[in-house]
Amino acid sequence: MAKNLLKAGYPLVVHDVDPRPVEELVKSGAEKADSPREVAERTDVIIAMLPDSADVEQVILAERGVLEGARPGSTIIDMSSIAPLVSRKIFAEAEKKGVEVLDAPVSGGEPAAIQGTLAIMVGGKDKVFDECLDLLRVMGKSVVRVGEVGAGQVTKLANQIIVALNIEALSEAFVLAVKAGVDPDLVYKAIRGGLAGSNVLDAKMNMILDGNFKPGFRIRLHQKDLKNALLTATQLDVPLPITSMVQQILGALVNEGKGELDHSAIATFTEGLAKVKVRRRTKPD
């Protein structure tokens, strides 16, 4: 995402607790900062992309954080996937300093991030969204404002529920096919053009068939997203029974040491129960 901004001509000041991506971006033309506060002091738009709610609060609200260095009129765009209430807390604190906030979580995984084709779901003021739209379009093919601050995170939670349940559904379907002696690759080719076809099916089925679980989006991060979905649902008195079940599956996979695998490895849970593997028998076209 940062490299795409550099390619589009945006000057970047970057910081991370891991020096390796910082060094990589500096070689590509970015400038280095020693803290989130310094990033904010040297820029008008501050973009955060972090693992979870606590990380975002630490980077933006804590000592040497973004809000310490942000000037009135600057904008924070948080592209992390976190709990909506935390986004609203950050907005309230930023507002005291005259700093604008957009929550803008993304979907599409590493491939879409590299290609600049992410789906970006944005919460915040209309005016601030319009001011940042060109910048966001460098990173995303679909950039949609869905409401006020926090609405982007709610939309991302809905997205993550759908993706996780889809992967579990295709896992069960293809394990059944393999157990019945049918070639899973041919089943995929037969159903992908029908009503069961989906972006999730096309993005994840070949990974499952090849046993390739190199992460584009890690299981532990999807577990975190479903945790936030269930937390938000509890606060709103919304039952999410199937989401809760899939969250337990993700937890079991993390406990098995599979948290760093791509979330297509959800399939390995059902494979383990049925004692079969959904793998390609024929060469792909």
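When the distances between all Cα atoms of the range 184-249 are binned every 10 Å from zero, what whole-number percent does each bin get? Calculated P(r), rounded to whole percents: 17, 35, 34, 14, 1. Gain on full extension, evaluated as 0.36 nm per residue between Lys227 and Val45 minus their Cα-Cα distance, stands at 62.6 nm.
Which entries in the list Lys97/Lys227; Lys32/Lys224; Lys179/Lys204; Lys141/Lys227; Lys3/Lys127; Lys141/Lys189 go over 24 Å, if you measure between the two C-alpha atoms of each? Don't jump to the answer; show the numbers that get you there.
On the way: Lys97/Lys227 31 Å; Lys32/Lys224 30 Å; Lys179/Lys204 20 Å; Lys141/Lys227 27 Å; Lys3/Lys127 26 Å; Lys141/Lys189 27 Å.
Checking Cα-Cα distances, Lys97/Lys227; Lys32/Lys224; Lys141/Lys227; Lys3/Lys127; Lys141/Lys189 exceed 24 Å.
Amide H contacts of Val14 (H built 1.01 Å from N, in plane; Pro and chain starts excluded): Glu31, Lys32, Ala33 sit under 5 Å, all sequence-distant by 5 or more or on other chains.
Place a +1 charge on the Cβ of each Lys and Arg in the chain and a -1 charge on the Cβ of each Asp and Glu, then give the dipole magnitude about the Cα centre in debye, rounded to the nearest 20.
Working: 35 positive and 38 negative charges, 189 e Å.
For the chain, the charge dipole is close to 900 debye.
Tell me which residues come under 5 Å, amide H to amide H, from Ile47 once H is placed; ignore anything under 5 positions away on its chain. Those lying under 5 Å, H to H, from Ile47 are Ile77. Rg and Dmax of the chain, both derived from C-alpha coordinates alone, stand at 20.3, 65 Å.
Please give the charge dipole size of the range 3-105, origin at the Cα centre, charges +1 on K and R Cβ atoms and -1 on D and E Cβ atoms. Round to the nearest 20 debye.
Details: 13 positive and 19 negative charges, 53 e Å.
Around 260 debye, computed over the range 3-105.
Applying D = kT/(6 pi eta Rh) to the range 106-228, where Rh is the Kirkwood radius over alpha-carbon pairs, T corresponds to 20 °C and eta to 1.002 mPa s, the Stokes-Einstein value obtained is 132 µm²/s. Would you work out which of Ala169, Gly124, Gly150 lies farthest towards the positive end of the dipole of the chain, given +1 charges on the beta-carbon of Lys and Arg and -1 on that of Asp and Glu, about the Cα centre? Result: Ala169, furthest along the dipole toward the positive end. Computed on the Cα trace of the range 17-154, the radius of gyration divided by the Kirkwood hydrodynamic radius gives Rg/Rh = 0.94.
Every read-out reported here was derived from the displayed coordinates using simple, explicitly stated rules and does not represent laboratory data. Everything numeric in this text was worked out from a predicted model, so none of it was measured. Cβ sites come from the backbone with ideal geometry, for glycine too, and all protein chains shown count toward neighbours.
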